[in-house]
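Down below is the structure, laid out as structure tokens.
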Amino acid sequence: MKIIRNFSFLTLSQAGEKVINFLLIVILARFLGVEEYGVYAIAVSFVGMFGNLFDGGLNFLLTREIASSGKNDAIFFRQALLLKIIIGAIVFAGLSVAAISMQYDARVVYSIILFATATLIISFSNAFRAVFVGRERMEFDGGMTVLYRFLALAGVFFLLLAGMSFPHLMLPYIISALIVLILSYYFQARMFPAVRSSEYLNIKKIELFKQAMPFAIGAVMSEVYFNVDSVMLSKLSDIKTVGNYNAAYRLVFAGLLLANGLSLAAYPYFAKAWKEDKYNVYKIFNLIFKLLLVISLPVSFIVAFFANNVTVFVFGSKFYESGHILQILIWTLIPLYLYHITGRTLEAIGEQRFVAKTMVVSVVGNIILNTILIPSFGAKGAAIATLISTSFILLAHLLFISKKLGFPQILDTIYKIILPFLGCAAALVIADKYWTWQVAAIFSFLVYIFLLYLLNGVTANEFDVLRGRERQGSEVRVKTGE
């Protein structure tokens, strides 16, 4: 079991990626202002709604099959690449037509098409990187991710200094994607030559497509879910509102580092261990679920308390209105954190169809809520819609996963989290009267950590389990649902 090792690599790479991406967003916002940044937000959100269609769900299928069977079959792999070419061409054409039909400004349309081109190229590099993840060599996948973001940042910054704006600022994404594609192929062929082996799985292309479809639907619905609010705001409101909303949204997503890292690090292990060791899968799922709750709860409260200060500090005074949106939107961090691990667990144990269905229902609900709330409340309405629908996803996952594994064993020790949280809240209110907001935020979080330690909210034994060096302890009975 390499969860801690892989988590370390993933955390470092995702930290690097998110820092670079966050710097890019801040630079764009400060150089261009709210309205011009809104062009970037619309383009990224529009492509984001369809971005996972380029992969067609094949990446997670490749990762799961490689992790569970230990094989990198040449026929299986090449079929996936062939399907990517077919699917990618169809999606790119459809996305371009959709962008034109939306009657956006020309610079928005061109920005969408250029960014879609970069996304298509990256989808091919993701196929090679799926081999890295399936073999639990996260350092290669993480390295390519960071490199792509770094090259894009460098290119965009250079063009900004040269006085360029959109759509030209999307060109560095295409160049960066091409470089990463070439390197991903090189490392995959050099480090994992078994992909060119003569072992045959004898899987027909149409069967492969059917297996991948639930992953594709779930991934696409997830992207639609996270981007449709910006697109709807662009039609029901204006570009400036999109810019303010997206600034707050990016701050929330900047906090998803640990959730992404832990859930993705556990995914190949869950896929491999599910058939033989359901007890350990349940145990590790519980630990990660608890850790994500422990982290997201105080962070959400602290950021909500200082939302206006945070947005002005990061993006400048032009984005003051983003603070009011962030006060609502930051609370989605809790269900977002938790459904990262519930969703990855369900996919790893073969329940990707349920994940896909849940996302479809959530997307429909989110669109309906946005249609009702945006005309009356603007960007705040979009934030409320996101909070409600995200909470629904988590609840649906928990109800279903309880049938397969058992309900997360968090209620037995919830007081060990709630009491430190209340101490954190009290410390924040008091400290805010005497110190700057930055000092007050840090102090209240340290109080939380200290109280968590006193009450054994998180123990060393739990980290030992993730490292694969479990100490003696009591067992729990797993409800398998079989």
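Modelled this way, with points 7 Å down the Cα-to-C-beta line, the labels at Ser96 and Leu419 are 6.3 nm from one another.
Taken one residue at a time, the phi angles of the stretch 263-270 give Karplus couplings (6.51, -1.76, 1.60, θ = phi - 60°) of 5, 6, 5, 7, 4, x, 5, 4 Hz. Gly and Pro are set to x.
For the pair Trp435 and Ile372, label points projected 7 Å from Cα toward Cβ lie 4.3 nm apart. Phi-derived couplings, Karplus 6.51 cos²θ - 1.76 cosθ + 1.60 at θ = phi - 60°, listed residue by residue for the stretch 416-432: 6, 9, 5, 4, x, 5, 4, x, 4, 4, 5, 4, 5, 4, 6, 5, 4 Hz, with x used for Gly and Pro.
Taking θ as phi - 60° and the Karplus parameters 6.51, -1.76 and 1.60, the scalar couplings of the stretch 170-186 work out to 8, 4, x, 5, 5, 4, 5, 5, 5, 5, 5, 4, 4, 5, 5, 4, 4 Hz in sequence order, x denoting glycine and proline. Annotation: amide H-H contacts under 5 Å for Asp432 (H modelled 1.01 Å from N, sequence separation of 5 or more, or interchain): none. Loop-located trypsin sites (Lys or Arg not before Pro) across the stretch 217-308 with a Cβ neighbour count of 13 or fewer within 10 Å are Lys275, with loop assigned by DSSP.
Any read-out appearing in this document is the output of simple, stated calculations on the displayed coordinates, not a laboratory observation. Computed from a prediction, not measured in an experiment: that's the story for all the values here. In this analysis, Cβ positions are derived from the backbone assuming ideal geometry, glycine residues included, and neighbour counts consider all displayed protein chains.
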